[in-house]
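To start, the structure itself, in structure tokens.
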Amino acid sequence: MGLSGRTLISRFGRALLTIWLVVTVVFIILRLSGDPVRLLLPPNAEPARVEALRTELGLDQSIAMQYVRFWQQIGRGNFGESLRFHQPAMDLVLQRFPATIKLALTAFLIATVFGLLIGSTAAFTRGSAWDRSAMATMSVLQSAPSFFLGIMLILIFSVRLRWLPTSGYGTFEQLILPAVTLSVLTMASLARMSRASLLEVLRADYIRTARAKGFGERVIWVRHALRNASLPIVTVFGIELAELLAGAVIVETVFAWPGVGRLAVDAVSTRDYPVVQSAVLLIALIFIGINFILDLSYPLLDPRIRHD
Amino acid sequence: MIELATPNTGRLRTLAASQESAPVSKTRTRRRRLPLLTIVCATWIIGLVLAAIFAPELAPHDPLKQNLMARNVPPVWSSGGSWDHPFGTDQIGYDIFSRTLYGARPALQIAGIAALLSLAIGTTMGLIAGYFRGAADAVIMLLVDAQLSTPFIVIAIAAVAAFGRSMTLLIILAGISGWMGFARTIRAQVLSLRDREFIHASHAIGATDFRILLKHLLPNLTSIIIVLVTVQLRGLILFEASMSFLGLGVPPPNPSWGSMISNGRDYMLSAWWISVIPGVALMVTVLTASLIGDWLRDELDPTLRGIR
């Protein structure tokens, strides 16, 4: 068991390539917008500063040179200065990062626990009223836009019942609604997937063999079915976690949660492009990182998968 | 199952996705009657299209006309409501019913055009990758993987930050957001078709690659393409609504469900209908679009089960 060096390198290469593509797209967007200086400096910037930035970006040089300069700046960790807050843009983004992580991980925890619980109980009672109603609910929830769901939760739990605050950051009560909202989509897909995966496994030969050998149902479920069914579920964990991170952009806006996503969206409306750019690069980098780590972990989970 | 034919990346998400489905017999001997649910969904969608087209005739008020004399009027079924504003008005006196009707326009326009756009890009890419294999295939699948492992919404945020918001940009972004699904599925289909006898026969009588692609492969992909377009619509409607919710979509003051929901967020305590009514319209539309997509997929090509 284990990972061959070649696979490791090819996976790593693919992750690097994706990062390269993202940075290139961000560069292309910046260039296509017309005058990058207009985006990167406040409108009332003094001419000397405009000139300085022009030289720094290499705007008087060829596109290729500008591209190289862009990479050099990123390599030096220079993502520009926030037009609004007058501090390095990446610092601002990193300050907001813990809030996003807190939200995403809590949501992930909720989604995993409830998704697997619903999925496996549904599979266990296949065809029952619980199975059918749970799966129908999951389908409906998968169609619910997270921002609308969030607003409905606010309406019910904050406005009508007055149990939980409508927004804000700090207390545990303020975490509940955003985390639940963010978790719903993932929970629904994990529930459906774990149910399907369990049902698939239960048809396998080794389950029949286990039955023939006279194992009790509990042993079969826990030792044979759940363990084998867990692989396809674990493989979507990374994708789901990454999706949660992207979904957080919207949920943070609904609940005024001070995370990276809300920072980026606010920065668009205040025309603070360096902050947008830094947030985009950070979120993309983490997203790619999660996918990469998950890619690596598959062969460890299932020795059958070793090569591409 | 189809996607398992995708050998190059060994991505488990395809494996996982395929496991969601049970094997379905491809031959269908008898024609079933239309299920009631499908009729209901189709009615909603047709009604929506008509509402969008005839919005000027149906809407009781100008969607862009504020009426400061009638602010926060509740819907007709609440106390204080009247038939003058069946769904009430918002905080500056916009008529919610009229705006919800008009809001169907950007939703359908953007989803429709963007679906065609991603169809065009994705099908071309999928055909090239599957038919010519080799370097073109490798590059295209690399792009597919790269975009799948990047949160597209943040790229879209960067684009809106750089270019400013407009319908055109929104359509282009939505179009780019979904081409990968087409490319992967079409590629897998072409891979399974390219070694069939009729293709070999065309080669033998000297048909050009272009002719084979256009005259022999593409017609065989029609039903899959129809299914893929329908399945995509759900995501595209959600994309438009999410971007508009974040304030990055349809430019104001034009009505869009997403921005209407966002607008009502601050008035949940006093006037819940401002966001709940467009929200219900959006959610029902997304749900019906995905149910019709699922139904069409099962009807036209059961082997595609599990595709999103």
query: Scanning for something charged (D, E, K, R), in contact with a helix residue (DSSP H, G or I) (Cβ under 6 Å, 6 or more places away or on another chain) and in contact (Cβ under 8 Å) with a residue 40 or more places away in the chain, does the stretch B:201-215 turn up at least one residue?
result: no
query: (1) touching a helix residue (DSSP H, G or I) at 6+ places or on another chain (Cβ under 7 Å); (2) among the hydrophobic types (A, V, I, L, M, F, W, C); (3) surrounded by fewer than 17 Cβ atoms within 10 Å (Cβ to Cβ): which one isn't true of residue A:26, the others all being true?
result: (3)
message: Can you find a residue that is out of contact with any His (no Cβ under 7 Å at 6 or more places or on another chain) and within 20 Å of residue A:35 (Cα to Cα) anywhere in the stretch A:250-267?
response: yes
Set A:49, A:6: member being of a type outside the set (Gly, Ala, Ser), more than 21 Å from residue A:72 (Cα to Cα) and without any contact (Cβ under 8 Å) to a residue 40 or more places away in the chain: A:6
Residue that is surrounded by the fewest Cβ atoms within 10 Å (Cβ to Cβ), among those in the stretch A:147-164 that are at the interface with chain B (Cβ under 9 Å from one of its Cβ atoms) and of a type in the set (Val, Ile, Thr): A:159
statement: Residue pairs within 8 Å by beta carbon, gap of at least six or interchain, first lying in the stretch A:280-308 and farther than 14 Å from residue A:235 by Cα and crowded, with 21+ Cβ neighbours inside 10 Å, second of a type in the set (Ser, Thr, Tyr) and modelled with pLDDT under 85, listed first then second, are A:284/B:150; A:287/B:149; A:287/B:150; A:288/B:149; A:288/B:150
message: Can you confirm whether residue B:265 is away from chain A (no Cβ under 12 Å) and among the basic types (Lys, Arg)?
response: no
statement: The residue from B:130, B:112, B:122 that alone is assigned to a helix (DSSP H, G or I) and out of contact with any helix residue (DSSP H, G or I) (no Cβ under 6 Å at 6 or more places or on another chain) is B:112
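Yes/no matrix, rows are residues, columns are (1) in a loop (DSSP other than H, G, I, E, B); (2) under 23 Å from residue B:154 (Cβ atoms); (3) β-branched (Val, Ile, Thr):
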residue	(1), (2), (3)
A:9	no, no, yes
A:14	no, yes, no
A:17	no, yes, no
A:22	no, yes, yes
A:27	no, yes, no
A:30	no, yes, no
A:34	yes, yes, no
A:44	yes, no, no
A:48	no, no, no
- request: Please go through the stretch A:194-251 and pick out each residue that is within 14 Å of another protein chain (Cβ to nearest Cβ), over 30 Å from the mean Cα position of the chain (by Cα) and surrounded by fewer than 17 Cβ atoms within 10 Å (Cβ to Cβ).
  value: A:203, A:204
message: Can you find a residue that is closer than 21 Å to residue A:235 by Cβ, in contact (Cβ under 8 Å) with a residue 24 or more places away in the chain and assigned to a helix (DSSP H, G or I) anywhere in the stretch A:137-147?
response: yes
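Each row is one residue, and each column tells you yes or no for (1) away from chain A (no Cβ under 14 Å); (2) touching a residue at least 24 places away in the same chain (Cβ under 8 Å).
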site	(1), (2)
B:153	no, yes
B:189	yes, yes
B:197	yes, no
B:217	yes, yes
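The values are calculated or read from the model by the stated rules, or taken from the named source; none is laboratory data. Note that the structure is a prediction, hence the values are computed from the model and not measured. Cβ: placed from backbone, ideal geometry, glycine included. Neighbour counts: every protein chain shown.
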